[in-house]
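Reviewing the structure listed below.
The values are calculated or read from the model by the stated rules, or taken from the named source; none is laboratory data. In this text, all values refer to a predicted model and were calculated from it rather than measured experimentally. Cβ placement follows ideal geometry from the backbone for every residue including glycine, while neighbour counts extend to all protein chains displayed. These area figures cover heavy atoms from the full protein model, side chains too; ligands, DNA and RNA do not enter into them. Shrake-Rupley method; radii C 1.70, N 1.55, O 1.52, S 1.80 Å.
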Amino acid sequence: MPTYDVVIIGGGIHGVGVAQAAAAAGHSALLLERQELAHGTSSRSSKLIHGGLRYLESAQFGLVRESLREREILLRNAPGLVRRVPFYIPVYSSARRPPWMIRAGLSLYALLGGLSRDARFESVPGARWDSLDGLDTRGLRAVFRYEDAQTDDARLTRAVMRSAQALGAELRCPANFLSAIRGGNGYQVQYLDRDGEQTCGARTLVNAAGPWVNTVLERIAPRPPTLTVELVQGAHILIEGETRHGIYYVEAPSDGRAVFVMPWQGQTLVGTTETAYDGDPGAVRAQPREISYLQQTLQRYFPHHRGRLLDSFAGLRVLPQGPGAVFHRSRETVLHPDNAEAVRLVTIYGGKLTGYRATAARVMRRLRKSLPARAAVADTAKLGLSP
C-alpha cells in the first residue's frame, strides 16, 4: 500500500495550493478530485485577484494586507495568468458612501499595499467621464481609479496543479474519496478511480472540499469535529458587448451591495450576489431574482448597454455560522484541525482565490509536527506559473 505524507481531498484552488506547498516542502503528496480540477467554486468566482477593498469597511485589515501581498506575488509569478487592470469607482449623489469615505478607504488600501506606485489611486477628471464605457453621468459626483488584478480562475487552478506535479505531487482525477480511518501513524484512505477501489496511507489529511467539507468529514473515522457553516450563493451574469476601459465597482441600487461590472472574454461579466443556499452544492444555479438584480444594476450605471444575456453561473462561499448579514461576515479562512496536539487532519473552511498560497502555507505549518523531516525543494513565493 503506497503511503503519502499528505493526501488532499478536493481539486479547487485551495486543494491544489496545498499540493504545491507540500511538494515544495519535499513531501510526498496525493490529490483526489471527484470530477475535474476547479469544477466547483474555483471556476465560478468573480475572476479577481485583489486585496478586497470592501473588507476595509468591516475592519478586516489583516485579510486585506495579506491579499495585497499575495496579489503582488501572483503578478510576479504568473504574468501569463494574472494581469493588472484599472478599477473605477463612480460615486453618485445618491450613493451610500460619499466621496470622502471612498477616498479614505482608497488611501488606507494604498497604505496597506505599501504605498508603492501600483498601490496609488487618482480622481478621474470630469472631462474624462464621457469616455468611460457609457457610464451614466447624471448625478455623478466623483470617479476614482485604482488598480487590482484579474485572472481566469480555472486556468490558474490547473496551473498550480501542474506546478505541484512538476515537484512530484500526484493527481487522481476523477477519484471519489470513500473513507479514511485514523490509526497510530495517520489515516488509511480509500477512494474510487477508473481502476476501481484503491487504498493508500496518509500521514496527514487535508480536507479542501469547499462546500462539501462537512460531507467529507462524515466519511472519516473517528468522526472529526466540525464547524457549523452557511453556504452563500454568489451569482454572475455574462452579457453581450464589452466594457473596454476596465472594471467598474458600483453599488447595487436596491441594497447598496458592491457589484463588479467587468470585461470578460469579449463580453461583460456582472457579479456577484449573496443568497443563502441549503441545497445540493452540485446543483447550484443563478436564480431568476439574482439575474434580474444584476441586470438592473448594470442598467442603472450603463443605461445604453443593451446586450442580451448570454450565460449565468453561481458558486458557493462557505462561511462559519454567525450573527448579522453575510455581506459583513468575516472572509478570513478558517483552518480546523482534528486535534490540538498532534494534528493529522486539517479542514479548510472558506477561503479567497487571491490568498490560496498563504492558506496552503498555514496548512503546512499546522501539519509540521506530524510530518517527517524533509528537505525543501522550492519556495512557492518564487515559483513561476505557466498558462
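Calculate one ³J(HN,Hα) per residue across the stretch 176-192 by plugging θ = phi - 60° into the Karplus curve 6.51 cos²θ - 1.76 cosθ + 1.60, and present them in order as whole Hz with x for glycine and proline.
In residue order, the calculated couplings are 8, 5, 9, 6, 8, 10, 7, x, x, 10, x, 10, 9, 10, 10, 8, 10 Hz.
Of TYR248, LEU217, GLY40, which is farthest on the positive side of the dipole of the chain, counting Cα position, with +1 on Lys and Arg Cβ, -1 on Asp and Glu Cβ, and the Cα centre as origin?
TYR248
Taking just the alpha-carbon atoms of the chain, what radius of gyration and Dmax come out, in angstrom?
Radius of gyration, then largest Cα-Cα span, for the chain: 21.5, 70 Å.
Would you work out the relative contact order for the stretch 108-201, in percent, from Cα pairs under 8 angstrom that are 6 or more residues apart?
Working: 81 pairs, mean separation 14.3, N = 94.
Relative contact order of the stretch 108-201: 15 percent.
Taking the 0 to 90 degree range and rounding to the nearest ten, how far is the long axis of helix 99-112 tilted relative to the main principal axis of the chain, both from C-alpha atoms?
For 99-112 against the chain, the angle is about 40 degrees.
Based on the Cβ-Cβ distance from MET1 to GLN35, what FRET efficiency comes out when R0 is 25 Å, to the nearest 0.05?
Values: r = 25 Å, r/R0 = 1.02.
Once the sixth-power term is evaluated, E becomes 0.50.
Starting from the 7 Å offset along Cα-to-Cβ, what nm value, one decimal, do you get for the label separation of ALA376 and ALA59?
3.4 nm
Averaged per residue, what accessible area in Å² does the chain show with a 1.4 Å probe, protein chains only? All intermediate terms of the calculation are to be shown ahead of the outcome.
Values: 16460 Å² over 387 residues.
Spelled out: the 1.4 Å probe surface of the chain, per residue, equals 43 Å².
Using only Cα atoms, find the angle between the long axis of helix 356-367 and the longest principal axis of the chain, and express it within 0 to 90 degrees, rounded to the nearest 10.
On a 0 to 90 degree scale, this one is about 30.
Along the stretch 124-134, what does the Karplus equation 6.51 cos²θ - 1.76 cosθ + 1.60 (θ = phi - 60°) give for ³J(HN,Hα), rounded to whole Hz, x for Gly and Pro?
Each residue of the stretch 124-134 in turn: 7, x, x, 5, 9, 5, 5, 8, 8, 6, x Hz.
How much of the DSSP bridge set in the chain is antiparallel, in percent, rounded to the nearest 5?
Numbers: 60 of 80 bridges.
Beta bridges within the chain, antiparallel portion: roughly 75 percent.
Could you work out the equivalent-ellipsoid semi-axes for the stretch 196-243, taking the square root of 5 times each eigenvalue of the Cα gyration tensor, largest first, in whole Å?
Numbers: eigenvalues 245, 57, 17 Å².
Over the Cα atoms of the stretch 196-243, the ellipsoid semi-axes are 35, 17, 9 Å.
Listed highest first by mean packing, meaning other Cβ atoms within 10 Å per residue, what order do 256-269, 234-247, 2-15 come in? Present the calculation step by step, with values, prior to reporting the outcome.
Working: 256-269: 18.3, 234-247: 20.1, 2-15: 26.4.
Output ranking for 256-269, 234-247, 2-15: 2-15, 234-247, 256-269.
Return one number: the angle in degrees, 0 to 90 and rounded to the nearest 10, between the long axis of the Cα atoms of helix 153-166 and the longest principal axis of the Cα atoms of the chain.
30 degrees
If amide H atoms are built 1.01 Å from N in the plane of the peptide, which residues on other chains or at least 5 residues away come under 5 Å of the amide H of LEU310?
When sequence neighbours closer than 5 places are left aside, the close amide H contacts are LEU238, ILE239, GLU240.
Compute, for the chain, the length of the dipole vector about the Cα centre, with Cβ point charges of +1 (Lys, Arg) and -1 (Asp, Glu) only. Units Debye, rounded to 20. Can you show the working numbers first?
Values: 48 positive and 35 negative charges, 168 e Å.
Roughly 800 debye, rounded to the nearest 20.
Residue by residue through the stretch 226-237, which ³J(HN,Hα) values in whole Hz follow from phi under the Karplus form 6.51 cos²θ - 1.76 cosθ + 1.60 (θ = phi - 60°), with glycine and proline marked x?
Values per residue, Gly and Pro as x: 10, 9, 7, 10, 10, 9, 10, 7, x, 9, 9, 10 Hz.
For the chain, what's the relative contact order in percent, using C-alpha pairs closer than 8 Å and at least 6 residues apart? Walk me through the numbers before you get to the answer.
On the way: 857 pairs, mean separation 96.9, N = 387.
Normalised by residue count, the contact order of the chain is 25 percent.
Give me, ordered by chain and number, the residues 5 or more places off THR3 or on other chains with an amide H under 5 Å from its own placed amide H.
Close amide H contacts, sequence-distant or interchain: GLY201.
Take the solvent-accessible surface of the protein heavy atoms, probe 1.4 Å, and return the percent of it on the stretch 116-174 that carbon and sulfur atoms account for.
Values: 1170 of 2730 Å².
Here carbon and sulfur together make up 43 percent of the probe-accessible area.
Taking all protein chains in place and a 1.4 Å probe, what share, in percent, of the accessible surface of the stretch 177-221 do carbon and sulfur account for?
Working: 810 of 1960 Å².
Ligands and nucleic acids excluded, carbon and sulfur reach 41 percent.
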